[in-house]
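The structure appears right after this line, and notes come after that.
The values are calculated or read from the model by the stated rules, or taken from the named source; none is laboratory data. Everything quoted here is computed from the prediction, not taken from an experiment. Virtual Cβ from ideal backbone geometry, glycine too; neighbours counted across all protein chains shown.
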Amino acid sequence: MDEPRWLSAQEMRAWRGYLGLVRLLDDRLNRDLQGESGLTLADYEILVRLSEAPQRRLRMTELAQGAMISKSRLSHQMTRLEERGLARREGCPTDRRGAFAVLSDAGFDVLAAAAPGHVASVRHHLFDRLTSEQVEALGKLSDAVIAGLGRE
């Protein structure tokens, strides 16, 4: 068995910083969003993706892939959104096993009301703390890691 490639001090600092950033930022954004709109970040992402889709509908598998969550987790999320009247599932007429997720008018209204506060929270907790160069670097870093993970 090969010897592990341990992280250097610089890599360990970056790794721990990344973990802290993701956990704290997710917590703050989730807390702000729930406090203002009653939506979780997961709810918000699903509603946004549906709002941007043609006719505000996506196949469940496509929505799960785009949101990078499992089909099972999406199913649970959709159940909660359906209970609140924010979205619904519809069968696919050409594929009996397929289903669509559809954004309701109420869901669109809730999303529209939540968006300004959420954007302000993202700006406050993330972008206002970075220079434009750091924002560009963050985008490039994210793209590089996501592209690498997508090839695996």
message: Need a quick list: helices (runs of 4 or more DSSP H) entirely within region 1-106 having at least 1 residues that are more than 17 Å from the chain's Cα centre (by Cα) and either surrounded by 15 or more Cβ atoms within 10 Å (Cβ to Cβ) or modelled with pLDDT of 95 or more (or both).
response: 9-37, 71-83
- prompt: Of all residues in region 71-104, which are closer than 13 Å to Ile46 by Cα and hydroxyl-bearing (Ser, Thr, Tyr)?
  reply: Ser75, Thr79, Ser104
task: Filter region 125-152 down to residues that are under 19 Å from Asp26 (Cα atoms) and of a type in the set (Val, Ile, Thr) and give me whichever is modelled with the lowest pLDDT.
output: Ile146
